[in-house]
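Peer 1: Below is the structure I would like to discuss, written out as structure tokens.
The values are calculated or read from the model by the stated rules, or taken from the named source; none is laboratory data. This is a predicted model, so every value here is computed, not measured. With ideal geometry, Cβ positions are generated from the backbone for all residues, glycine too; neighbour counts draw on all protein chains shown.
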Amino acid sequence: MGGYFQNIKDGFQSVFEGMSVTLASMFVRPVTVQYPEVDISTNETISRNYKSTLMGMPPNYRGILNVDLNLCTACGLCQKACPIECIVIDNVKCDKTGLTDKDGVAVKNRFTQKEALKTRASTRFDINMGKCMFCGLCVIACPTTAIKHTNKFEFNQSSLEELVLRFVSDEERSKAEARANEIDEEAARKKAEKAKKEEKAKEGEVE
Ligand code: SF4
Ligand code: SF4
């Protein structure tokens, strides 16, 4: 008999618990986001449009990738880390002392003198967002935090080709290649001079 009444009590309790959640939601102000008219990709626009009732994308959201070439040393670690070969990097052995970024600021300012002389420069840095599975492995592998996920998620394109993000412009590629050629020529000249000096020294010894 005791079990019978206990079952009735438990039944009422579970119905009450379920209904209390439903009732509580009646007093929450409903929010309808007018997407895509309203930009919901940033916290600023979200808080402007919806006060504090909605949050923007979380900080660890893995959206479209972005690369800051001013921080990138073209080491290729992100390319190696990508399990499905989305990233293609070509680089030239080139110090950054003669390069400027898109705003005309000397790229070497971003590095120590030693780093600026040692780094490579990308002549191609493509990411195929059509293939990317947003795993974030490339971001983890990057030693300079140059490659990062943004909170942007809209990337509709009309062709597969347009899904490939190209971070190195033709102008930047030409500049890097020209600088690499200069460095090669300088190295070849120094080598020739050294060889000449050594030859002269040998001739002197023979005489
Ligand atoms: S997020 Fe993953 S799949 Fe996408 S480029 Fe990076 S490593 Fe490759
Ligand atoms: S791992 Fe980072 S620094 Fe290296 S090539 Fe990729 S983005 Fe550039």
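Peer 1: Which one of ALA146, ALA176, ALA180 is of a type in the set (A, V, I, L, M), assigned by TED's automatic domain parsing to the domain that holds SER122, in contact with an Asp or Glu (Cβ under 7 Å, 6 or more places away or on another chain) and closer than 21 Å to ALA106 by Cα?
Peer 2: Details: ALA176 fails: in contact with an Asp or Glu (Cβ under 7 Å, 6 or more places away or on another chain); ALA180 fails: in contact with an Asp or Glu (Cβ under 7 Å, 6 or more places away or on another chain).
After ruling out the rest, the residue left standing is ALA146.
Peer 1: Among the residues of region 165-180, write down those that are surrounded by 10 or more Cβ atoms within 10 Å (Cβ to Cβ), free of Cβ contacts under 8 Å to residues at least 60 places away in the same chain and of a type outside the set (S, T, N, Q).
Peer 2: ARG166, ARG173, ALA178
Peer 1: Quick check on LYS9: is it at pLDDT 90 or above and not assigned by TED's automatic domain parsing to the domain that holds THR123? Steps first, answer last, please.
Peer 2: Numbers: at pLDDT 90 or above: yes; not assigned by TED's automatic domain parsing to the domain that holds THR123: yes.
Yes: the conditions hold for LYS9.
Peer 1: Residue check, ILE183 against (1) under 21 Å from LYS93 (Cα atoms); (2) surrounded by fewer than 14 Cβ atoms within 10 Å (Cβ to Cβ), all met but one. Which one?
Peer 2: (2)
Peer 1: Can I ask one more? Restricting attention to region 137-164, which residues are within 13 Å of ligand 2 (Cβ to nearest atom), farther than 29 Å from ASN181 by Cβ and either modelled with pLDDT of 95 or more or buried (at least 16 other Cβ atoms within 10 Å of the Cβ) (or both)?
Peer 2: Quick first cut of region 137-164, residues within 13 Å of ligand 2 (Cβ to nearest atom) only: 137-149.
Filter once more, so that each one left must be farther than 29 Å from ASN181 by Cβ: 137-141, 145, 148-149.
Selection gives LEU137, CYS138, VAL139, ILE140, ALA141, LYS148, HIS149.
Peer 1: If a residue has to be of a type in the set (D, E, K, R) and within 14 Å of ligand 1 (Cβ to nearest atom) to count, how many in region 118-151 make the cut?
Peer 2: Step one: filter region 118-151 for residues of a type in the set (D, E, K, R), giving 118, 120, 124, 126, 131, 148.
Filter once more, so that each one left must be within 14 Å of ligand 1 (Cβ to nearest atom): 126, 131, 148.
The qualifying residues number 3.
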